[in-house]
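K.L.:
First the structure, then my questions, so here it is.
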Amino acid sequence: MLAAPPLSINPLSTEDTCRMPLPPPLALRPFHPPTDTPVLRSWIPDPTALMTWAGPNFTWPLTDAQLTAYAAEPGRRTWTAVCRTATTADAPNATAGSAPGCPAGGLADGTADGLQPGLPLGTPLGHISLADGRLGRVLIAPGARGRGLGGQLVTLAVSIAFDELALPEIRLGVWTHNTAALRVYEKLGFRTTAILDAVEVVDGVPWSVRRMRLTAADRRQ
């Protein structure tokens, strides 16, 4: 699912080198546990954020070992989203090391958004996974939220699911209070199939889950 300040039980998270307010163009690369687990773990600061991101599937404190085991689950595909480097086809006039919407050299101020200045292209911006037709574990880096990256991230994963893996449908679960995530999914065509009330209680508050689905046929319409 996406997270609630983050997007969740499918959350998203990060931004990189591109000058604001335009969101950077994203690309997905395979999740690499030795380097990516510490980054992903740093985006999940407390037990509530962990529940928002992944439901009750991990224990607090979250460890690199838990994330490595999750990424190795049979049939699971995991990706890290990064600000992609421009190619000649993408931007014929772009200089080496730049990306569409980014300054030449791929560097940006970033300080107004809580980001470190001068981050290189390819810095991790988000995470997402797919297992048995179920989309989940969506997360955008804390400093990059609110820039439209969640929609980009989910769109890229949906394209892989339908265009490369030829799945007939994609399913997901999202906390009902996670309105930011719900807007992303509904905009991409996901439709509610069920609501499960009070599946978890967090700090004395019951959390409910909305199950959603997008079929290949609906996506083509």
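None of the figures in this text is laboratory data; all of them are computed from the coordinates on show. Predicted model only: the values in this text are computed from it and were never measured. FYI the Cβ positions are ideal-geometry reconstructions off the backbone, even for glycines, and counts take in every protein chain you see.
K.L.:
Just order 134-142, 190-198 by mean Cβ neighbour count inside 10 Å, highest at the front, would you? Write out the running numbers ahead of the final one.
P.N.:
Numbers: 134-142: 25.8, 190-198: 12.7.
Packing proxy ranking, top to bottom: 134-142, 190-198.
K.L.:
Tally Lys and Arg at +1 and Asp and Glu at -1 over the other residues with C-beta under 9 Å from the C-beta of I170: what net charge comes out? Don't skip to the answer; put the middle values down first.
P.N.:
Details: positive: R134, R171, R213, R219; negative: E169.
Every neighbour counted, the sum reads +3.
K.L.:
Contour minus end-to-end for T192 and T35, with contour as 0.36 nm per residue of separation and end-to-end as the Cα-Cα distance?
P.N.:
52.9 nm
K.L.:
Show me, for the range 186-196, the HN-Hα J-couplings you get by feeding each phi into the Karplus relation (A = 6.51, B = -1.76, C = 1.60, θ = phi - 60°), rounded to Hz, glycine and proline as x.
P.N.:
These are the phi-based 3J(HN,Hα) values: 5, 4, 8, x, 5, 10, 6, 10, 6, 10, 9 Hz.
K.L.:
Next question, about the same structure. Tell me, in nm to one decimal, what length is gained between H177 and S42 on full extension, where the rule is 0.36 nm per residue of separation less the Cα-Cα distance?
P.N.:
On the way: separation 135, 0.36 × 135 = 48.60 nm, distance 2.34 nm.
Gain on stretching H177 to S42: 46.3 nm.
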